[in-house]
Amino acid sequence: MVDPGPNNVAPDVTGAIPPQTLGAGRDVTVELSQYFSDPGGDALTYHANSSDPVVAGVTVSLSQLTVVAISPGVGQVTVTARDGLGGEARQTFDVVVCVPIPDDALHWWTADGTGADRIGEANATLMNGASYVPGLVTSNNGQAFSFDGVDAIGLVPDVPTLNPTGPFSVMAWARPGPHPTPNGAVIGKGHPWSESWVLDTHRNRWRAVIRSSGGSSVSVYGSTIESGAWSHVAMRWDGRILALYVDGQLDGAAPINTIHVNDGPVGIGARSESGFQDHELDLEFAGEVDEVMFFGRALGEEEIRAVFATSTSGVCGG
């Protein structure tokens, strides 16, 4: 705050301007008089600047601030209120510019302090020490699921939409811990030897799995996992080809034209515990999982890359 001089009292900050999350091309107007006042009754003028004009632009008209979302990313807007006599007050708030979630999203577990399904009705129950920690994506509460690699799991009940018979896609951000298990499920439907679909790590590599209606499974292996580093992993099945994407790039593909349907639950951070003894197959993920999404169609490559490119800003919608 600038020294207002002996004959004036500086403006006050009367409330914190809340963070703003909005999609690219959208704008939001903030009435600044709600957040500043002048004890002496002087008229205030307002000025604003953006820390990253590529992410968000700002304009001020009288007491109204307009924030325009330009491109995905995270920035800050600083607002200064001046009374014309040398006094001023200033505050800064975050702006997150996200991209819309792709169409046909059926389930979305943001992990932002809750296991709730933001779109569907398949909430995850955290069990055996699974918890929340700071995540990669900063929108909402900016948290992620955390799993110990021993027996922690987010358990999701069986629902018809998680039992696809045709094209679907699954994606998530995942960060193996400093001592990752070589085999650990990011998310999977059904227990081993009777799974429907799985996105996991296996032999220290990212992997996508589909079991056919005849009982045989197809595994697509990708790149080697990197402990302590976030990766965006996605699997898509168009009814003919199972494809694995890591950080927005195709990392492997294999043909399979049917899928096994089962009534087992979905496990986030581990294969579901129904049907086998804990520790028997060592399929628990050690690390963090964030922004898990399930779609009722095979996403296009550009859509997968667009979600990956959002990085910390995440997607908006739901």
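The values are calculated or read from the model by the stated rules, or taken from the named source; none is laboratory data. Being a predicted model, the structure only gives us computed values, none of them experimental. Using ideal geometry, Cβ is built from the backbone for each residue, glycine included, and neighbour counts are taken over all protein chains shown. Just so you know, the surface numbers come from the protein's heavy atoms only, side chains and all, with ligands and any DNA or RNA stripped out. Shrake-Rupley method; radii C 1.70, N 1.55, O 1.52, S 1.80 Å.
Ordering of 286-299, 123-136 by packing is 286-299, 123-136, highest average first (other Cβ atoms within 10 Å, averaged per residue). Taking Cβ atoms as reference points and 15 Å as the exclusive limit, the residues near PRO39 contribute a net charge of -4, counting Lys and Arg as +1 and Asp and Glu as -1. Quick one: with all protein chains in place, what share of the accessible area of the chain is carbon or sulfur, to the nearest percent (1.4 Å probe)? Result for the chain: 50 percent of the exposed heavy-atom area is carbon or sulfur. Would you mind classifying the stretch 117-207 by shape? Square roots of the alpha carbon gyration tensor eigenvalues, ordered a ≥ b ≥ c; an a/c under 1.5 is rounded, otherwise it is prolate if a/b is larger than b/c and oblate if not. Here the stretch 117-207 falls in the oblate category. Compared with the direct C-alpha span, the chain from ILE241 to ARG26 gains 73.7 nm at full extension, assuming 0.36 nm per residue. Taking the chain as a Gaussian network of alpha-carbon nodes connected by springs under 10 Å, the highest mean-square fluctuation of the residues VAL67, VAL170, VAL96 belongs to VAL67. Here r is the Cβ-Cβ distance between LEU85 and VAL13 and R0 is 22 Å; the resulting FRET efficiency, rounded to 0.05, is 0.80.
Taking a Cβ cut-off of under 12 Å around ASP290, the surrounding Lys, Arg, Asp and Glu residues balance to a net charge of -2, with basic ones at +1 and acidic ones at -1. For helix 301-310, report the angle its Cα long axis makes with the longest principal axis of the Cα atoms of the chain; keep it between 0 and 90° and round to the nearest 10°. Approximately 50 degrees, to the nearest ten.
Charge tally for GLY177 (other residues, Cβ to Cβ under 14 Å; Lys, Arg +1; Asp, Glu -1): -4. Taking a ≥ b ≥ c as the square roots of the eigenvalues of the Cα gyration tensor, an a/c ratio of 1.5 or more together with a/b no larger than b/c marks the stretch 196-303 as oblate. Surface analysis of the chain yields an accessible area of 42 Å² per residue, using protein heavy atoms and a 1.4 Å probe.
The SER61 and SER227 beta-carbon pair, evaluated with R₀ = 51 Å, returns a calculated FRET efficiency of approximately 0.50.
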